[in-house]
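Values in this text are rule-based calculations from the coordinates and carry no lab data. Given the structure is predicted, the values throughout are model-derived calculations rather than measurements. When we count neighbours, we look across all protein chains shown, and the Cβ atoms used for this are built from the backbone with ideal geometry, even at glycine.
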Amino acid sequence: MNVETVVRERYSEGAKAVQPTLCCPVDYDQSLLKMLPQEIVEKDYGCGDPSRYVREGDVVLDLGSGGGKICYMAAQLVGEDGRVIGVDMNDDMLALARKHQPEMARKLGSDRVAFKKGRIQDLALDVDAMEDWLQQQPITSAEGLAALKRWQHTQRQDHPLIDDGSVDLVISNCVLNLASDSEKAQLVSEIFRVLKPGGRVAISDIVSDEPIPDHLKADPELWSGCISGAFQEAEFL
């Protein structure tokens, strides 16, 4: 099973039509939802509300921002001096979030939300920039693959998607579990890299009190449904 492909396909479906099985009941601040387009509210799939930890003036990074619901909630809390960055890998979810950016900027009084295409396990790599590079230089050989790796290294060093020590608060709503087990340690390391000294983390996610059995990890429906990729609680802490 290719975890990334399974997750991308499931959430592309969720961007196009509401998927009730992906949504857990959550008590969100209704005053922050009033400003949001109904389409974004309906196509949000989460298990908590990390926006309640946002402070005025914060630079907030939302990992797996989906249709932008938590980003647009956070944008109301950071005020004119703050900003919010949403990172997601799913084109359909990014399109949904960006579709309403002009409307939300007018309502907020400023354009303080940005959505970027990237992998939450690799917050230095700008995937939009990489795809532009690949269009110009399609890989057809081993040397082409080596050239891509050299470009990725330079891009991460010189033009990272999210800079080192640039974020006050990292938030995420039921997304970290969707990363493959082999990349979870890198994911946590990337969170640490982008946080300012004294930065904060507010994560709502699925955790288990014992290791997930292999037969459940091999089930694409359970993985993309936020079950099989759950962190074991003690390991996560």
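For Gly86, the residues whose modelled amide H falls within less than 5 Å of its own, excluding neighbours fewer than 5 places apart on the same chain, are Asp62, Ala114, Phe115, Lys116. Coupling constants for segment 77-91 follow from the phi torsions by the Karplus curve (6.51 cos²θ - 1.76 cosθ + 1.60, θ = phi - 60°), and in residue order they are 8, 6, x, 5, 8, x, 8, 10, 10, x, 10, 8, 9, 8, 4 Hz; glycine and proline get x.
Ranked by the mean number of other Cβ atoms within 10 Å of their residues, highest first, the peptides 87-93, 107-113, 70-76 come out as 70-76, 87-93, 107-113. Farthest toward the positive end of the dipole of the chain, out of Leu63, Ile120, Leu36, is the Cα of Leu36, where the dipole comes from beta carbon charges about the Cα centre. A simple rule links phi to the HN-Hα coupling: the Karplus curve 6.51 cos²θ - 1.76 cosθ + 1.60 with θ = phi - 60°, which for segment 184-190 gives 5, 5, 5, 4, 5, 4, 5 Hz, with x for Gly and Pro. Counting neighbouring beta carbons within 10 Å and listing from fewest to most, the residues Arg52, Arg119, Arg8, Arg106 come out as Arg106, Arg52, Arg8, Arg119. The amide H of Val59, built 1.01 Å from its N in the peptide plane, has Arg83, Asp168, Leu169 as neighbours under 5 Å, considering only residues 5 or more places off or on other chains. Residue exposure proxy: Leu61, Leu237, Leu32, Leu176, ordered by other Cβ atoms within 10 angstrom of their Cβ from fewest to most, comes out as Leu237, Leu32, Leu176, Leu61. The packing ranking, built from the mean of other Cβ atoms within 10 Å per residue, places the peptides 133-143, 94-104 in the order 94-104, 133-143, highest first.
Look at Asp219, Asp209 and count the other Cβ atoms within 10 Å of each Cβ; fewest to most, that gives Asp209, Asp219. Pairs exceeding a 20 Å alpha-carbon distance, out of Lys149/Lys196; Lys149/Lys217; Lys34/Lys196; Lys43/Lys99; Lys107/Lys196: Lys149/Lys196; Lys149/Lys217; Lys34/Lys196; Lys107/Lys196.
Roughly how compact is segment 89-237, stated as its Cα Rg over 2.2 N^0.38 Å to two decimals?
1.21
Between the amide H of Leu123 and any residue lying 5 or more places away or on another chain, no distance stays under 5 Å, with hydrogens modeled in the peptide plane. Only DSSP H runs of four or more residues enter the estimate; each adds -39500 (n - 2.57), and after division by the residues of the chain the mean residue ellipticity at 222 nm equals -11500 deg cm²/dmol. Evaluating 6.51 cos²θ - 1.76 cosθ + 1.60 at θ = phi - 60° for every residue in segment 62-67, the Karplus couplings come out as 9, 8, x, 6, x, x Hz, glycine and proline recorded as x.
With the contact rule set at Cα under 8 Å and sequence spacing of 6 or more, what percent relative contact order holds for the chain?
21
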